[in-house]
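Notes follow the structure.
Derivation of every value follows stated rules applied to the coordinates shown; laboratory data play no part. The structure displayed is predicted, hence computed values, not measured ones. Backbone-built Cβ (ideal geometry, glycine too); neighbour counts: all protein chains shown.
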Amino acid sequence: RAAGITWLFSPILGLALQPYWSRVYETFGESPLVASTFGAQLIRGIQDVQEDEDGAVPSRAAACAKHFIGYSMPRTGHDRSPAWIPRRHLYQYFVPPWREAIENAGVLTVMESYSEFDGVPNVANFDSTRKLLRERLGFDGVLVTDYHEIMNLVEWHRIAADGDEAVKLMLRDSSVDMSMIPADAEGFANQVQIAVVGNSGYPRVPEHIAVERVNESAERVV
């Protein structure tokens, strides 16, 4: 915060239940209670505004809880491999840290994960990003993708023919608000415009995405 950085990609709320996973060391461990408690306190530390000795109020930062959801439980242990989590286990173990972060700590932003949950990439997953995150957990802040994840629908998950279709799938099926892209921000903006205007190249995707979907995300980012 002293350096003027006002958005921190932290904390990680995944549970270390897959010992073969290469990012176990980044988690708070295997306990949902510990992850909930430590995660919430870290969020408060990042986002709270407190006066110093001189009465000055330092500008706060926004925390970004990650990675929603199931990223830390890849079936094979390999990073980014699909997560196979029974629904009962999902709600008993993986959801509680998110509920604490959203309902009690008031986290401002969330990052979706690289992985597939229940066979569907999270970046284009209606059940995880709309039904669970927005409706059941009540998150109304900004949902950002992980690095390059919309294009990974083409390059990694292989469910989209190209970037235009990938953006359409993301807008249609998820509640993602912002794309973390390494380059070509203008290209992404053009793809969003194409999705709204519509074209006939992708029979699996609607002719166009309602502009209200884009406005919904723009309002949350602003």
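Summing -39500 (n - 2.57) over the DSSP H runs of n ≥ 4 in the chain and dividing by its residue number, what mean residue ellipticity at 222 nm do you reach, to the nearest 500 deg cm²/dmol?
Result for the chain, helices only: -8500 deg cm²/dmol.
Taking every alpha carbon pair in the chain, what does the distance histogram look like in 10 angstrom bins from 0, in percent?
Taking all Cα pairs of the chain, the binned fractions are 8, 33, 34, 19, 5, 1, 0 percent.
Using the C-alpha atoms of region 76-204, what convex hull volume per residue, in cubic angstrom, is computed?
Output value, Cα hull per residue: 117 Å³.
Roughly how tilted is helix 32-47, in degrees to the nearest 10 and between 0 and 90, from the longest Cα axis of the chain?
90
Please work out the C-alpha center-to-center distance from region 166-182 to region 101-150 and express it in whole Å.
Between the Cα centre of region 166-182 and that of region 101-150, the gap is 11 Å.
Search the structure for amide H atoms under 5 Å from the amide H of His67, placed 1.01 Å from N in the peptide plane, and list their residues when 5 or more places away or on another chain.
Those lying under 5 Å, H to H, from His67 are Leu13, Gly14.
For region 159-172, just list the computed ³J(HN,Hα) in residue order, Karplus coefficients 6.51, -1.76 and 1.60, θ = phi - 60°, integers in Hz, with x standing in for Gly and Pro.
In residue order, the calculated couplings are 10, 10, 6, 7, x, 4, 5, 4, 5, 4, 4, 4, 5, 6 Hz.
Using alpha carbons only, how many degrees (0 to 90, rounded to 10) separate the axis of helix 185-197 from the longest principal axis of the chain?
Approximately 60 degrees, to the nearest ten.
In terms of the ratio Rg/(2.2 N^0.38 Å) built on C-alpha atoms, what value belongs to region 42-133?
Ratio of Rg to 2.2 N^0.38 Å for region 42-133: 1.32.
Got a sec to turn the phi values of region 108-114 into Karplus ³J(HN,Hα) couplings, 6.51 cos²θ - 1.76 cosθ + 1.60 with θ = phi - 60°, whole Hz, x for Gly and Pro?
7, 9, 9, 10, 7, 9, 5
Are there any trypsin sites (Lys or Arg not before Pro) in region 119-207 that are in a DSSP loop and have at most 14 other Cβ atoms within 10 Å? List them by number.
Those satisfying the criteria are Arg158, Arg204.
Which residues make up the longest stretch of the chain that has no GluC sites (Glu not before Pro) in a DSSP loop with at most 16 other Cβ atoms within 10 Å?
Excluding the exposed sites themselves, the longest stretch runs over 54-206.
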